[in-house]
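Scroll down for the structure; my scribbles are underneath it.
What follows draws every value from the coordinates through simple rules; no lab data is involved. The structure presented is a predicted model; accordingly, all values stated were derived computationally and were not measured. Cβ sites come from the backbone with ideal geometry, for glycine too, and all protein chains shown count toward neighbours.
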Amino acid sequence: MSPNAPITQDVMTIPRKLPEGKLNLVGLTRDQLREALIEHGTPEKQAKMRTGQIWQWIYQRGVRDFAEMTNLAKAYRAQLAESFVVEIPEVVTRQVSEDGTRKYLCRIAGGHEVEVVYIPEEDRGTLCISSQVGCTLTCSFCHTGTQKLVRNLTAAEIVGQVMMARDDLDEWPTPGAPKDETRLLSNIVLMGMGEPLYNFENVRDAMKIAMDPEGISLSRRRITLSTSGVVPEIARTAEEIGCLLAISFHATTDEVRDVLVPINKRWNIEELLQSLASYPKVSNSERITFEYVMLDGVNDRDEDAHRLIDHIKRYKIPAKINLIPFNEWPGAPYKRSSNNRIRAFANIIYQAGYASPIRKTRGEDIMAACGQLKSATERARKSRKQIEAEAGLNR
Ligand code: SAH
Ligand code: SF4
């Protein structure tokens, strides 16, 4: 099989129009939901209770149709349906890799598309979600960074990716259902398209919903936000979200990092390390993950490994170092380091007392690996055209 051939590519749904003028309840905080209900006729005295009921239907049971919210009076359900919708991004295609990784192409308002990747593992199932369409940053090894079109996703579109995956995995827990460890979707990583800390409020609101115990109810330790290093927002992440943090470190000198991760010109390695040093204390979270993409001859020498350890030790940062074999994309200016080089690098870090897992590349056959997400969109566009043509024929 050719390396990029999808194993399956199902067309899931045909475009639907958002009903005019109705407010989407997905992505609202509890307070916003309560206000919206009051504004649309729910008596203030009942608002708190109704908010809780509707919240559970949406986030605990996965219900999208008010008619199914059977603990609400029939007339009230009809009233809700007049003013509101419960809408999530629509799946256009789903590809399943030979290793079980699933990649979804989702359509959001305005016809934009984002990719979401589900990675099943023995002891967990991780959903890699996107925070933006494209990315305004231009890391030189990342395919998403070459995409021109950028827009922030709304909180609804961010938490909606999780709800979409739950639909596909058929995993809407009923009361008394499995806890985190045994769920198919047990972890979330914000490592898809976009820089989450350039869309802070929406990411925060969406993750708060994902953590809410009366809903999706994932523990904050099962959510990891990956950032290229938007220093001023790092402390805020600890205070306002409290999830785990991964940092796209990738280089050990400013000279190299300026090229690989250009945001380094704004906040350099020292400033970044300072902000990381105070992160675990604030959020009370576990170790910070240092992501380090292995680029042949660029950042993969022994001295880089030693310098990396120096940085982390100097600031006493509780860390694990995740080595990512570079995922090549058409026209990429770098090559992946050899396996021997990656192992030697990992060994230096391990000897220094830090965990240094080498990330297993998943879903390569469907271009679902880290940093490959742009080309996949472009390739899928063809099939989107096909979908639209088919939809036109069926109308
Ligand atoms: N914008 C955020 C999150 C999205 S990128 C960030 O940069 O952290 C998620 C991870 O994939 C980052 O660590 C990023 O550096 C890495 N990545 C990007 N392109 C890659 C590629 N081609 N191969 C391997 N990892 C890549
Ligand atoms: Fe954006 Fe992250 Fe890619 Fe850099 S690595 S261009 S920050 S998505």
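Data table
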item: Simple Cβ-charge dipole of the range 23-85, Lys/Arg +1 and Asp/Glu -1, about Cα centre, in debye nearest 20; result: 240
item: For the range 232-251 and the range 120-142, distance of Cα centres in Å; result: 15
item: Where labels lie 7 Å past Cα in the beta-carbon direction, separation of E68 and K148 in nm; result: 4.1
item: ³J(HN,Hα), Karplus 6.51/-1.76/1.60, whole Hz, each residue of the range 106-113, x for Gly, Pro; result: 10, 9, 10, 3, x, x, 6, 10
item: DSSP-loop trypsin sites (Lys or Arg not before Pro) across the range 323-355, with at most 16 other Cβ within 10 angstrom; result: K335
item: Coil-residue GluC sites (Glu not before Pro) of the range 103-194, DSSP, other Cβ within 10 Å capped at 10; result: E122
item: Projected label distance in nm at H40 and R314, using a 7 Å step from Cα toward the beta-carbon; result: 5.5
item: Mean-position separation - Cα centroids, the range 50-102 and the range 259-290, in angstrom; result: 37
item: Amide hydrogen neighbours beyond the local backbone of E90, cut-off 5 Å, H modeled; result: R107
item: Selection of GluC sites (Glu not before Pro), the range 238-301, meeting DSSP coil and at most 14 other Cβ within 10 Å; result: E286
